[in-house]
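A single structure is presented below for examination.
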Amino acid sequence: MISKDDKQVEPKSIVPQDHEEDDVEEDDVVDETPAAGEETKKKKKKKKSKKKKVQQSDPPRVGLSKIFTNGIYPEGEIQPYKDDNTWRTTSEEKRYDERMAMEDPEITYQTIRRAAEVHRQVRQSARKHIRPGMTMTEIANFIEDGSRALVEETGLESGIGFPTGLSLNHCAAHYTPNAGDTNVLQSGDVLKIDIGVHVKGRIVDSAFTLNFEPTYDRLIEAVKAATDTGIRESGIDVRLGEIGGAIQETMESYEVEVNGKIYPVKSIENLSGHSIGLYQIHGGKSVQLVNNDDQTKMEEGEYFAIETFGSTGRGRVVESGECSHYAKIIDAPRVPLRLTSAKSLLKSISSNFGTLPFCRRYLDRVGESKYLLALNHLVQQGIVQDYPPLCDAKGSMTAQFEHTILLRPTVKEVISRGDDY
């Protein structure tokens with residue numbers, strides 16, 4: 001829901017693409033030879049109709065089911081496993097396992113590939129339209145309106161996976177505008193855009209960084225390279241600590257020059273990538289961004305968000321600023337709630353978001369009002385988790401890149417990979 005004060009972008013008319021329409025073709029005239037004494041008759045063949053495909057509008061507002069009418073969505077980037085797992089690529093047994101997975105509606109890869117295609121189309125439009133001078137609320141609405149339209153939002157069946165992250169400059173993560181936010185994007189800002197889309201609880205979590213002048217190009221390059229390193233090193237039976245070491249080595253091989261001063265790029269040591277569960281953005285395993293002794297292994301069939309953050313500051317974040325992100329805790333304790341408003345709000349959260357993260361704007365959108373006291377009570381009771389913004393030192397700059405990967409039986413699929421990153 002967009003408030004009166006928020007600017008709306010009207011989509012241009014849709015150019016037909018996967019939709020059936022008449023496309024008239026004039027065929028050759030047929031001359032029939034008459035019998036003696038009869039007049040010559042000419043007939044025309046019937047007009048043929050061709051099928052055309054529905055194209056996406058600009059900005060994107062056409063649901064993907066109208067474009068991919070057969071329900072088959074693009075596969076992500078395929079990376080073969082390496083070292084002790086190269087045998088998986090040609091294993092008949094593992095190929096059979098994949099065929100069975102595709103036929104199972106509960107685990108078919110088409111579900112998350114649909115979410116990934118939504119993500120690709122929405123972010124490519126966002127990269128084209130976002131410019132300095134826009135408010136954070138305008139940017140969030142632009143992205144979320146597109147995501148909702150393309151994924152054809154339907155309750156908890158499909159929709160937004162988590163609030164759109166729009167963290168600026170020294171703020172690395174967990175900022176999205178609350179109602180009344182007046183922040184405006186400036187030309188010197190470094191903007192992290194973290195977008196989540198889900199279909200049947202399968203969440204695509206992918207992020208990128210935008211800048212509008214070249215000062216911090218090397219920072220952005222470092223983080224993108226570190227994320228690609230993390231993806232390359234990931235695989236079945238790989239230890240999480242080893243991935244962190246490879247990420248740090250790549251990240252910290254870069255430096256940034258600002259006004260004649262050299263700043264080393266640092267991995268943010270207390271942020272991490274993570275496994276992704278069904279309707280659960282943090283699935284329990286963490287992929288740290290620095291070398292560590294975690295012996296936990298990645299396993300076949302798991303989904304991971306491989307994300308890295310680099311900083312020109314201290315390389316460590318702290319909670320800072322007004323909270324916007326929240327999520328209902330999966331194994332929350334069953335405790336009596338003394339506030340009637342808290343009981344009502346919990347019911348609304350459960351029905352609208354389940355265990356998916358949400359923000360205050362989303363509560364506004366579903367009709368909740370005057371809920372802060374109730375929301376804080378749910379946090380205090382350990383039923384809802386709050387996620388305040390995470391920031392490095394003021395004056396520093398941070399960047400982020402992230403992809404969702406699937407460890408299939410035969411290959412690693414970078415679900416969210418696109419032409420842009």
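Using the structure shown, list the pairs from 128/370; 53/94; 192/266; 128/224; 343/394; 82/128 with a Cα-Cα distance above 28 Å, or answer none.
Violating the 28 Å Cα-Cα cut-off are 128/370; 53/94; 343/394; 82/128.
What residues of region 176-191 lie in the reach of a label at residue 369, counting those whose backbone N is under 17 Å from a point 7 Å from the Cα along Cα→Cβ?
So the set is 179-180.
Can you give the extra length, in nm with one decimal, that the chain gains between residue 65 and residue 379 once fully stretched, where that is 0.36 nm per residue apart less the Cα-Cα distance?
Working it through step by step, the gained length comes to 109.2 nm.
Report the gain in length on full extension from residue 95 to residue 339: 0.36 nm times residue separation, minus Cα-Cα distance, nm rounded to one decimal.
82.4 nm
Quick one: Karplus J couplings for region 160-166, per residue in order, coefficients 6.51, -1.76, 1.60, θ = phi - 60°, nearest Hz, x for Gly and Pro?
6, x, 5, x, 5, x, 9
Before anything else, pin down the relative contact order of region 366-420: Cα pairs under 8 Å, at least 6 apart, normalised by residue count, whole percent.
16 percent.
Kindly write out, for region 72-84 in residue order, the coupling ³J(HN,Hα) from the Karplus curve 6.51 cos²θ - 1.76 cosθ + 1.60 (θ = phi - 60°), rounded to whole Hz, with x marking Gly and Pro.
Karplus-based 3J(HN,Hα) across region 72-84 equals 9, 10, x, 6, x, 5, 9, 10, x, 5, 10, 6, 6 Hz.
At 1.4 Å probe radius, can you tell me the per residue accessible area of the chain in Å²?
For the chain, the per-residue accessible area is 49 Å².
Determine the gain in length on full extension of the stretch residue 131-residue 184; use 0.36 nm per residue of separation and subtract their C-alpha separation, reporting nm with one decimal.
Difference between extended and current length: 18.1 nm.
Distance between the C-alpha centers of region 144-168 and region 266-304? Whole Å please.
Cα centres, region 144-168 to region 266-304: 23 Å.
Sticking with this structure for a sec: Mind listing the phi-derived Karplus ³J(HN,Hα) values for region 307-324, rounded to whole Hz, using 6.51, -1.76 and 1.60 with θ = phi - 60°, and x for any glycine or proline?
Couplings: 10, 10, 10, x, 9, 8, x, 7, x, 8, 10, 10, 6, 7, x, 5, 6, 10 Hz.
Related question: Please list, in chain and number order, the residues 5+ apart from residue 190 or on another chain whose amide H is under 5 Å from its amide H, with Hs placed from the backbone.
169
Further question: Pop out the carbon and sulfur fraction of the accessible area of region 168-320 as a percent, whole number, probe 1.4 Å.
Percent of accessible area from carbon and sulfur atoms in region 168-320: 42.
Shifting gears a bit: Could you tally the net charge around residue 277, taking each other residue with its Cβ under 11 Å from the Cβ of residue 277, Lys/Arg +1 and Asp/Glu -1?
Once all neighbours under 11 Å are counted, the net charge is +1.
Amide H to amide H, which residues 5 or more places from residue 172 or on other chains are under 5 Å from it, using H placed in the peptide plane?
Amide H neighbours of residue 172: 390, 391, 392.
Based on the mean of other beta carbon atoms within 10 Å per residue, what is the order of 198-205, 84-91, 329-336, most packed first?
198-205, 84-91, 329-336
For the peptides 258-264, 56-62, what is the packing order when you average, over each peptide's residues, the other Cβ atoms within 10 Å and list the highest mean first?
The peptides rank, most packed first, as 56-62, 258-264.
What are the membrane-span-like helices in the chain by this rule: whole DSSP H runs, Cα extent along the axis at least 20 Å, mean Kyte-Doolittle hydropathy at least -0.5?
136-151, 217-233
What order, most packed first, do the peptides 179-192, 238-251 have when packing is the mean number of other Cβ atoms within 10 Å of each residue?
Those peptides, ordered most packed to least, come out 238-251, 179-192.
Answer rounded, prolate or oblate for region 114-258, using the Cα gyration tensor with square roots of eigenvalues a ≥ b ≥ c: rounded when a/c is under 1.5, else prolate when a/b is larger than b/c, else oblate.
Oblate, because a/c is 1.5 or more while a/b does not exceed b/c.
Check which residues have an amide H placed less than 5 Å from residue 397's amide H, if you skip close sequence neighbours.
Hits under the 5 Å cutoff: 312, 313.
The values are calculated or read from the model by the stated rules, or taken from the named source; none is laboratory data. These numbers were taken from a predicted model, which means no experiment stands behind them. Neighbour counts run over all protein chains shown; Cβ positions are idealised from the backbone, glycine included. Quick note on the areas: whole protein, heavy atoms, side chains included, nothing else; ligands and nucleic acids left out. Shrake-Rupley method; radii C 1.70, N 1.55, O 1.52, S 1.80 Å.
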